[in-house]
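Shown next, in structure tokens, is the structure this report addresses.
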Amino acid sequence: MAMKVYFDNAATTPLDPEVFEAMRPLMLDMYGNPSSTHAHGREVRTKIEHARRTVAQLLNTAPAEIFFTSGGTEADNTAIKGTVEAYGIDHIITSSIEHHAVGHTVERLVAEGKVKASYVELDDQGHIDMDHLEQLLKNNKRSLISLMHANNEIGTLNDIAAIGELAHEYDAVFHTDTVQTMGHYKHDLQALKCHFIVGAGHKFHGPKGVGFLRVCKSKSIPRFIEGGGQERNHRGGTENVYGIVGLAKALEIAYRDMEAHRKHVQGLKSSMIAQLREHIPGVAFNGDIKPDNSLYTVLNVSFPPHEDNDMLLFNLDINGISASGGSACSSGANKGSHVLTGINADPDRQGIRFSFSKYSTQKEVDYVVQKLVEIVEPALV
């Protein structure tokens, strides 16, 4: 009998019922505009500021450094564009495998003639070359570094503490896209030498359409949405109040239960790796899969070449399994995955990303492996 399995949690996670209960009063009962000075508005304003304090306390920073946004994409765009505008930065150091929220923003700034961009070298698992990063910093004073904490497609982790130290040494501004790791790893912003990090509620069992940008007090940026005086006069527009409350509650739960969930999810990932190696000849993995070097919620599986590769996701969907994937760009044939291309993955091999959450189960892993064997093995004969 077919199961329904959701293994696309890197795209979005299901809402935690505890989060929904925290949001419910803001949807039904507390409907005042938080910018209004009357009692209805003040009641709602209090909820926003409590949420801001919660996020700040969890990240070990000041509430004044937390700005709520519509999600990670807006936060990334704002950090990069705001830094270029505020500090006259004309050089950005990034990588070829960043999320499009970063990559496309940098490309636009380059096309407009506002900056030049350098791309740090990578190995075939997606690790950045720290020596090359330092060389780029030596050769380009006052750069903006934009390098993600964990890659959303292959899960490889960057050592953002070491990058932060280099940024500090060379007086660079450092922004890191932490969307995939927020709520899954602890971020101590008193210890981490980083000016901008971001979060998106829907990546850690909060609501969609809400995120935040942490702006270090030493790096103020200009207003990023004109309008009213919301978000300390930086982001105009009536706040997504129940989204903000839900995000803060979701992050609070994530920190509360982090170790237990990490152990559970890493166990599922390790089990899937072992079963695939046992049952599918020639299977491999994109990115670093060692627990200390890899995002425990993401596993990118590289399947042996065969003529039905492009039907893998479709066949998984028919069997009730939701995942995502693609292959490296093959010259002139398809756009493919810029991440897999960036690590020189074989374009003839199909990559499928399976991403897990605290709600994923061993039974689901076993079912997915069983269905993959049924789908892939006949094509390999």
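Values for this structure:
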| read-out | value |
| --- | --- |
| Among the residues listed as His202, His187, His261, the single one being under 20 Å from the mean Cα position of the chain (by Cα) and part of a loop (DSSP other than H, G, I, E, B) | His187 |
| Some residue of region 10-25 being of a type in the set (Val, Ile, Thr) and outside any loop (DSSP other than H, G, I, E, B) | yes |
| Odd one out for Lys203, checked against (1) at negative phi; (2) open to solvent by less than 20 Å² (accessible area, probe 1.4 Å) | (2) |
| Count of region 336-356 residues which are closer than 27 Å to Gly183 by Cβ, in a loop (DSSP other than H, G, I, E, B) and out of contact with any strand residue (DSSP E or B) (no Cβ under 8 Å at 6 or more places or on another chain) | 0 |
| Residue in region 147-169 that is exposed (fewer than 15 other Cβ atoms within 10 Å of the Cβ), farther than 16 Å from Asp76 by Cβ and in contact with an Asp or Glu (Cβ under 9 Å, 6 or more places away or on another chain) present | yes |
| Residues of region 88-101 satisfying the condition of being open to solvent by 10 Å² or more (accessible area, probe 1.4 Å) and of a type in the set (Asp, Glu) | Asp90 |
| Complete set of residues in region 226-245 that are among the β-branched types (Val, Ile, Thr) and either open to solvent by 60 Å² or more (accessible area, probe 1.4 Å) or out of contact with any helix residue (DSSP H, G or I) (no Cβ under 9 Å at 6 or more places or on another chain) (or both) | Thr238 |
| When residues of region 207-258 are limited to those that are among the basic types (Lys, Arg) and in a helix (DSSP H, G or I), the one modelled with the lowest pLDDT | Arg232 |
| Residues that are in contact with a His (Cβ under 9 Å, 6 or more places away or on another chain) and closer than 28 Å to Thr178 by Cα, drawn from region 19-40 | Val19 |
| Residue within region 102-120 that is open to solvent by less than 60 Å² (accessible area, probe 1.4 Å), farther than 24 Å from Arg214 by Cα and touching a residue at least 24 places away in the same chain (Cβ under 8 Å) present | yes |
| Single residue of Glu85, Glu43, Glu65, Glu21 found to be open to solvent by 60 Å² or more (accessible area, probe 1.4 Å), among the charged types (D, E, K, R) and in contact (Cβ under 8 Å) with a residue 40 or more places away in the chain | Glu85 |
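The values are calculated or read from the model by the stated rules, or taken from the named source; none is laboratory data. Because the structure is a prediction, the values reported are computed rather than measured. Heads up, the Cβs are rebuilt from the backbone with ideal geometry, glycines too, and the neighbour counts pull from every protein chain shown. The accessibility values were calculated without ligands, DNA or RNA, using every heavy atom of the protein model including side chains. Shrake-Rupley method; radii C 1.70, N 1.55, O 1.52, S 1.80 Å.
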